[in-house]
Amino acid sequence: VTEPDLEGRHVVVSAGGTREPLDPVRFLGNRSSGKQGYALARTAAARGARVTLIAANTGLPDPAGVDVVQVGTAVQLREAVLKAAPEADAIVMAAAVADFRPAEYATGKIKKKDDKDPDPIVLVRNPDILAEISADRARPGQVIVGFAAETDDVLANGRAKLTRKGCDLLVVNEVGERKTFGSEENEAVVLGADGSETPVSHGPKEHLAETVWDLVARRLG
Ligand code: PMT
């Protein structure tokens, strides 16, 4: 039986992976399917929360009873998060956000040049949304959760990232080409800014989502 412990709360969840366009047919992207973020949105709604789901390129059907905002790029994701933040009791950033985007967008398809080396793709830095919303909280007492996709030294990198980003909780999951991204399952450790470590064993993405909401609900009091 699901307790309605998030009733009266508004939560914002980001899901999916941003795509940074190079030209009308190409983009820089990542392997996020959005499944972990959607599991967070569904479970929060089941626990009574009003949910805003900011979805980047997932192609997944809208979960019932959830407000969905579709975005494409990191800059659009940032705008949607900043717009929703002032009313949010908690923000969970499960989306995989590109750290860089092409410096220039070619309005026509980039052509290959015969017998010549390609021009290098020049990248510029995208805003760090999680660090920004953590440093400048839109509401007092707002709980902010980040995710970290790591391939090695998972816990040490996660702890450093939690400090750098300034969020309250950081879910560290190990990823690989066939691990976590796109699959139905996940396995993680949730690190707290208070030094806590909550391991979540391998299981459905809903299982990890429920643990995240347990920790958020405790912090909201
Ligand atoms: O979508 P699935 O297929 O279900 O896979 C789930 C997942 C692996 C994508 C998810 O569980 C996950 O780990 N998401 C975060 C992936 C990621 O981009 O991690 P990161 O280490 O690059 O970023 C750390 C945190 O900062 C994340 O909360 C990210 O949303 C945020 N960030 C990153 C860069 C940036 N410019 N702005 C951000 O806000």
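Among residues other than Phe27 whose Cβ falls under 12 Å from its Cβ, what is the net charge (Lys/Arg +1, Asp/Glu -1)?
Numbers: positive: Arg19, Arg26, Arg101; negative: Glu20, Asp23.
Surrounding charge for Phe27 is +1.
Take region 1-132, compute every pairwise Cα distance, and split them into 10 Å bins from 0; I just need the percent in each bin.
Bins of 10 Å from zero give 13, 38, 27, 14, 6, 2, 0 percent of pairs.
List the residues whose amide H sits under 5 Å from the amide H of Ala94, counting only those 5 or more places along or on another chain, with H placed 1.01 Å from N in the peptide plane.
For Ala94, the qualifying residues are Ser14.
Loop-only trypsin sites (Lys or Arg not before Pro) in region 39-111, please: DSSP not H, G, I, E or B, and at most 11 other Cβ atoms within 10 Å.
Sites meeting the loop and neighbour criteria: Lys109, Lys111.
Which of the GluC sites (Glu not before Pro) across region 75-136 are loop residues per DSSP, with 13 or fewer other Cβ within 10 Å?
Passing both the DSSP loop test and the Cβ count: Glu104.
Let me have the relative contact order for region 46-135, percent, based on Cα pairs under 8 Å that are six or more residues apart.
Dividing the mean separation by the residue count of region 46-135 yields 25 percent.
Helix 205-220 against the longest principal axis of the chain: what's the angle in degrees, Cα atoms only, rounded to the nearest 10?
60
Quick check on the exposure proxy: order Leu162, Leu130, Leu82, Leu40 from fewest to most C-beta atoms within 10 angstrom.
Values: Leu162 20, Leu130 25, Leu82 15, Leu40 30.
Least crowded to most crowded, the residues run Leu82, Leu162, Leu130, Leu40.
To the nearest 0.05, how large is the calculated FRET efficiency for Thr2 and Ser196 if R₀ is 25 Å and r is the Cβ-Cβ distance?
After rounding to 0.05, the efficiency reads 0.60.
With n ≥ 4 as the cut-off for DSSP H runs, can you work out [θ] at 222 nm for the chain, using -39500 (n - 2.57) per run divided by the number of residues, rounded to the nearest 500? Write down the numbers at each step before the final one.
Values: 5 runs with 58 residues, N = 221.
Result for the chain: -8000 deg cm²/dmol, rounded to the nearest 500.
If one computes P(r) from the Cα atoms of the chain, what percent of pairs lie at distances over 28 Å?
Taking all Cα-Cα pairs of the chain, the fraction more than 28 Å apart is 28 percent.
Suppose every Lys and Arg Cβ carries +1 and every Asp and Glu Cβ carries -1, with no other charges. What dipole size does region 1-129 come out with about its Cα centre, to the nearest 20 debye?
So the dipole magnitude of region 1-129 works out to roughly 340 debye.
Could I have the simple spin-label model distance between Ile110 and Glu177, label points 7 Å from Cα toward Cβ, reported in nm to one decimal?
It works out to 2.3 nm between the two label points.
Picking from Gly195, Gly59, Gly166, which is most flexible by a Gaussian network model of the chain using Cα springs under 10 Å?
Among Gly195, Gly59, Gly166, the largest GNM mean-square fluctuation belongs to Gly195.
For a footprinting-style exposure proxy, rank Asp117, Asp23 by other Cβ within 10 Å, fewest first.
Ascending Cβ contact count within 10 Å gives the list Asp117, Asp23.
Take the Cβ-Cβ distance between Arg31 and Ala64 as r, set R0 to 25 Å, and report the resulting FRET efficiency rounded to the nearest 0.05.
According to the calculation, E is roughly 0.40.
If you look for lysine pairs in the chain that are eight or more places apart or on different chains, how many of them have Cα atoms under 30 Å apart?
The number of close lysine pairs in the chain is 13.
Bear in mind that the values in this text are calculations on the coordinates, not laboratory data. No experiment lies behind these values; they were computed from the predicted model shown. As a convention, Cβ positions derive from the backbone with ideal geometry for all residues, glycine included, and neighbour counts pool all protein chains shown.
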